[in-house]
Amino acid sequence: MRITITSRIFDPEPSAATYRLRALASGFVEGGHDVTVLTVSPGAAADANDVARPYSVSRFPVLRDSSGYVRGYLQYLSFDVPLFFRILFGRRADMIITEPPPTTGVFVRLAAALRRTPYAYYAADVWSDAAQQTGASKLVITAVRLMEKFALNGAALVLSVSAGVTERIAELGVRSSVTTVGNGVDAELLSASLTAAPDFTGASRPTFIYAGTASELHGAAVFIEALPAVLRAHPSTKLEFVGGGIEQENLQRLAERLGVAGSVSFEATVTAPELAPRIQTATAALASVRPGEGYDFAFPTKLYTAAVCGAPMVYAGVGPGVEFVASEVCGAAIGTTAAYDPVAVAEAMIAAADAPVLPERRRAVTKWAAREVSLRGVASRAVAAIERVR
């Protein structure tokens, strides 16, 4: 088959979507299919011209926000409108695979209909639910919901990343066939980036890493709210946010207001090879989902990353992340869950600092996660599902 994958973000920009779609493209190639990725020109800090790939990548310049992301409706449209014509006048495909935002799904459905080509929608999220957490107006939320349902209902197949997303899609009244393929991370890349003999001498200074997007639905503020109590128990504690997100400025202001700004740092997204060794030696990796906001089914993929790196986890909130963190390896859970409450979170962070996890234990979790949460398995399930449709 000739496969076309469309995405507003792809290599070399590090993101969950990049790793997921890169694995999917490679999976199709391994299955003997011809793959083209229609994506964007990389940001100024990235160079995509020196990477050899077994598939074709076609790029087009887009608008980016002040942080360098393709984020915001004007930015989305700067990708979506040209994409419509790239599909309409580009090479014919046997199957197009697209993913959020819903605006992209709308333009793909229209172009695919004109080309009489089926498409699959990769539902990595339910955007109309996420829009409710941003404080958007009812008009905007309704518009996003209509666009998302339009994109989903036109698909020959919907690929869902979790049982929770699959259930939510059904609740929205989507008629298309939905296959749950799961989610994961590039375990091979992360594992190859880990240090063979990590240095844990920094354990005397507890370091907690929140690696990934921080948005309203994640509610990462709870970790900053917990920090004053953690600092009373361990004054040298460091809390590191790596990966940006629309909540970053609010988190910075919160840290200043609580008087803990000197113990909190914020960084832009870094590559997996840069991030993995840092998570590997962290006291714990942090993740959260704010409860009661209509998004309880969400699963932060940063938990997968933490597991592959062998880091203990502190997870605050609700959803499938609770069950994942309770997974046992060699008779013990891979992390600690806490209620979405600063007091409970502080207690969990203090406990992690009081009893650092031994290197042998971390290696056991890494070995387990490399087998259980690899994107290679996810990609193979997605490829098989699409082959069945065609």
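If you go through region 117-130 and pick out every residue that is within 25 Å of V185 (Cα to Cα), open to solvent by 10 Å² or more (accessible area, probe 1.4 Å) and either touching a residue at least 60 places away in the same chain (Cβ under 8 Å) or assigned to a strand (DSSP E or B) (or both), you end up with 3. The sole residue among L77, L38, L88, L114 that is within 22 Å of the chain's Cα centre (by Cα), closer than 28 Å to V389 by Cα, outside any loop (DSSP other than H, G, I, E, B) and without any contact (Cβ under 8 Å) to a residue 60 or more places away in the chain is L38. Could you list, in sequence order, all residues of region 308-333 that are within 24 Å of the chain's Cα centre (by Cα), farther than 14 Å from A282 by Cβ and not in a strand (DSSP E or B)? If the condition is that a residue be within 24 Å of the chain's Cα centre (by Cα), farther than 14 Å from A282 by Cβ and not in a strand (DSSP E or B), then V318, G319, P320, G321, V322, E323, F324, V325, A326, S327 are the ones that fit.
The set of residues in region 54-91 that are at pLDDT 90 or above, of a type in the set (D, E, K, R) and open to solvent by 50 Å² or more (accessible area, probe 1.4 Å) comprises R59, R64, R91.
If the condition is being free of Cβ contacts under 8 Å to residues at least 60 places away in the same chain, open to solvent by 60 Å² or more (accessible area, probe 1.4 Å) and closer than 30 Å to E188 by Cα, then region 236-263 contributes no residue at all. Scanning region 131-169 for residues that are within 27 Å of V389 (Cα to Cα) and open to solvent by 70 Å² or more (accessible area, probe 1.4 Å) yields L146, F150, A163, E167. For the condition surrounded by 18 or more Cβ atoms within 10 Å (Cβ to Cβ), assigned to a strand (DSSP E or B) and not small (G, A, S), what is the one hit in F223, F266? Answer to the check: F266. Here the condition is being aliphatic (A, V, I, L, M), touching a residue at least 60 places away in the same chain (Cβ under 8 Å) and crowded, with 17+ Cβ neighbours inside 10 Å; of V373, V343, V365, it holds for V373 alone.
The values are calculated or read from the model by the stated rules, or taken from the named source; none is laboratory data. Since this is a predicted model, take the numbers as computed values, not measurements. Virtual Cβ from ideal backbone geometry, glycine too; neighbours counted across all protein chains shown. With ligands, DNA and RNA removed, areas are computed over all heavy atoms of the protein, side chains included. Shrake-Rupley method; radii C 1.70, N 1.55, O 1.52, S 1.80 Å.
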